[in-house]
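J.: What follows is a structure written as structure tokens; I'll ask about it next.
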Amino acid sequence: MALDEGIAAPDFTLPTDGGGTLTLSSLRGGTVALYAYPQDDTQSCTNEALSFDALREEFAAAGATVIGISPDSVKRHDKFKQKYGLRLTLVSDEERAAIEAYGLWVQKQMYGRQYMGVERSTFLIDATGNIARVWAKVRVKGHAEEVLAAARAL
């Protein structure tokens, strides 16, 4: 079950693209747009990453950091970022600990086949570390712009 607005965002420390590490709580004092996506280099996931990346400077001007999270490896994130020239931070959650803490490892269905996967969702986390807004089952078109407007309104 996904998390609700108003509660503390589960903290995590995960490896990032480029060989770094990111601890969510280290970003307190600013807003975080944490978007979860199923897999690097697929059509919808690529379009979503490109949309957030194109607005990265506007998010920064609004005091917000954009972070993408998926169960893909750091190596795969690095290839994905290089292929598309992405500048935003991607964290790798291969063990799915954070993804599960956010309630995003769910049963999905496609073409009659059921499987487990990441539910495309975004969490806007305020400066105190609480979830200010949740978007579940995200449709990519126009989503990054909607998240940016919400970040500006905080």
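J.: Could you tell me whether region 25-130 comes out rounded, prolate or oblate from its Cα gyration tensor? Rule is a ≥ b ≥ c as square roots of the eigenvalues, rounded for a/c under 1.5, then prolate if a/b exceeds b/c, otherwise oblate.
T.: oblate
J.: Considering only protein heavy atoms, what per residue accessible area in square angstrom results for region 39-118 with a 1.4 angstrom probe? Numbers along the way, then the final one.
T.: On the way: 4260 Å² over 80 residues.
So region 39-118 comes to 53 Å² accessible per residue, rounded to a whole number.
J.: Let me ask you something else. When DSSP assigns beta bridges and you keep just the ones with both residues in region 44-120, what percent turn out antiparallel, to the nearest 5?
T.: In region 44-120, DSSP labels about 60 percent of beta bridges as antiparallel.
J.: Here's another thing I want to ask about it. Show that you can apply the helix-only estimate: for the chain, add -39,500 (n - 2.57) for every DSSP H stretch of four or more residues, divide by all residues, and state [θ] at 222 nm to the nearest 500.
T.: Estimated from H runs of four or more residues: -8000 deg cm²/dmol.
J.: Just to verify a number: what accessible area does D78 come out at with the full protein assembly present, 1.4 Å probe, Å² rounded to tens?
T.: The value for D78 is about 60 Å².
J.: Could you tell me which trypsin sites (Lys or Arg not before Pro) in region 58-154 are loop residues by DSSP with no more than 12 other beta carbons within 10 angstrom of their beta carbon?
T.: Sites meeting the loop and neighbour criteria: R87, K137, R139, K141.
J.: Highest GNM mean-square fluctuation, the chain, Cα pairs closer than 10 Å: which of E57, E95, E119?
T.: E95
J.: Could you tell me the center-to-center distance, by alpha carbons, between region 1-36 and region 65-144 in angstrom?
T.: 11
J.: Let me ask you something else. How many percent of the accessible area of the chain is carbon or sulfur, using a 1.4 Å probe?
T.: Carbon and sulfur together cover 47 percent of it.
J.: Turning to a different aspect of this structure: What figure, in Å² to the nearest 10, do you get for the accessible area of L86 with a 1.4 Å probe and non-protein molecules left out?
T.: Around 20 Å² of this residue is reachable by solvent.
J.: Divide, for region 80-136, the radius of gyration over alpha carbons by 2.2 N^0.38 Å, where N is the residue count.
T.: Working: Rg = 14.3 Å, N = 57, 2.2 N^0.38 = 10.2 Å.
With N residues counted in region 80-136, Rg over 2.2 N^0.38 Å equals 1.40.
J.: Check V138: other-chain or 5+ apart residues with amide H under 5 Å from its amide H, H built from backbone geometry?
T.: R120, S121
The values are calculated or read from the model by the stated rules, or taken from the named source; none is laboratory data. No experiment lies behind these values; they were computed from the predicted model shown. All Cβ positions, even for glycine, are placed from backbone atoms using ideal geometry, and neighbour counts span all protein chains on display. These accessible areas exclude ligands, DNA and RNA; they are computed on the full protein's heavy atoms, side chains included. Shrake-Rupley method; radii C 1.70, N 1.55, O 1.52, S 1.80 Å.
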